[in-house]
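A short worksheet on the structure shown next.
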């Protein structure tokens, strides 16, 4: 059972978004797109500073729509959102200790999408390190330790999390040694996420119920994206241009985490836009022919905004 319900109106709007997308990008195959869209009706339960207790929050009716939202897809840097939540959970439980270096790594992982910072966080979460290949016994122990983040998310018992895999670092050139062995011969153990799982985690963060209200607010602060022209021009890899937050109207607010590499282009965003209901949108596109296409995700976001316009 998903954490949201689709009503007839939102289903109609979602199908209209998909139809417009394929009309605009006919080369985008039907199996190269996955999407989850949440619309927040009044009274809006998110961005409240954690004013709603978790049990009450999860019992609130939420409207949503998804297309292939349960399809497990390589997430690129969107996985860093899951490592962020895990790090704040570890901190709260006393499993890791606060430090300036941890703060720096979390900031760089989310704000700048640093792979080096992500590697540090994964090592810290799991007590593992990269390096040469290991013998069978030590490697089994290493693998068990590395899977601690997977065990944490499965312990939440969210059905959306069942298909995911979050146990790999993110790379520039790729893994070597024990890291390459951990991927499996055919890279079958690479990270996997669904848009539904990503949407639920971002929904929890926005709702102030991911780890704790203060932790959720800390995460939102890191995810907040400036999108004024000067900020975007100063950072060519700004996670806004070519993604769901592009061309937002003045007065909007954006919290997001993008991911892209040679074969995928993804984004997960919570948006507050004047005149529209707040909404959460996660869109994954696959295919090396689309990974560098900076028009698809902004077009999808624009179509969503169009559907949300008051009649």
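Here are some notes:
- Residue match in the range 206-227 (condition: assigned to a loop (DSSP other than H, G, I, E, B), modelled with pLDDT under 95 and more than 16 Å from residue 48 (Cα to Cα)): yes
- Filtering the range 144-182 to residues that are exposed (fewer than 13 other Cβ atoms within 10 Å of the Cβ) and within 19 Å of residue 113 (Cα to Cα) leaves 172, 173, 174.
- The residues of the range 212-224 that are in contact (Cβ under 8 Å) with a residue 40 or more places away in the chain and either over 22 Å from residue 168 (Cβ atoms) or in contact with a strand residue (DSSP E or B) (Cβ under 6 Å, 6 or more places away or on another chain) (or both), listed by number, are 212, 213, 214, 215, 216, 217, 218, 220, 223.
- Flag for residue 149 being assigned to a helix (DSSP H, G or I), at pLDDT 95 or above, at negative phi and in contact with a helix residue (DSSP H, G or I) (Cβ under 6 Å, 6 or more places away or on another chain): yes
- Test: residue in the range 183-196 that is touching a residue at least 24 places away in the same chain (Cβ under 8 Å), in a helix (DSSP H, G or I) and either within 26 Å of residue 72 (Cα to Cα) or touching a strand residue (DSSP E or B) at 6+ places or on another chain (Cβ under 9 Å) (or both): yes
- Residue satisfying all of: in the range 92-113; within 15 Å of the chain's Cα centre (by Cα) and part of a loop (DSSP other than H, G, I, E, B); farthest from residue 79 (Cα to Cα) among these: 112
- Inspection of the range 81-91 finds no residue satisfying the criterion of being without any contact (Cβ under 8 Å) to a residue 24 or more places away in the chain, at negative phi, surrounded by fewer than 20 Cβ atoms within 10 Å (Cβ to Cβ) and in a helix (DSSP H, G or I).
- Entry remark, the range 15-55: residues being crowded, with 18+ Cβ neighbours inside 10 Å, in contact with a helix residue (DSSP H, G or I) (Cβ under 8 Å, 6 or more places away or on another chain) and assigned to a helix (DSSP H, G or I) number 2 in total.
The values are calculated or read from the model by the stated rules, or taken from the named source; none is laboratory data. The shown structure was predicted, so the numbers you read here are calculated from the model rather than taken from an experiment. Cβ: placed from backbone, ideal geometry, glycine included. Neighbour counts: every protein chain shown.
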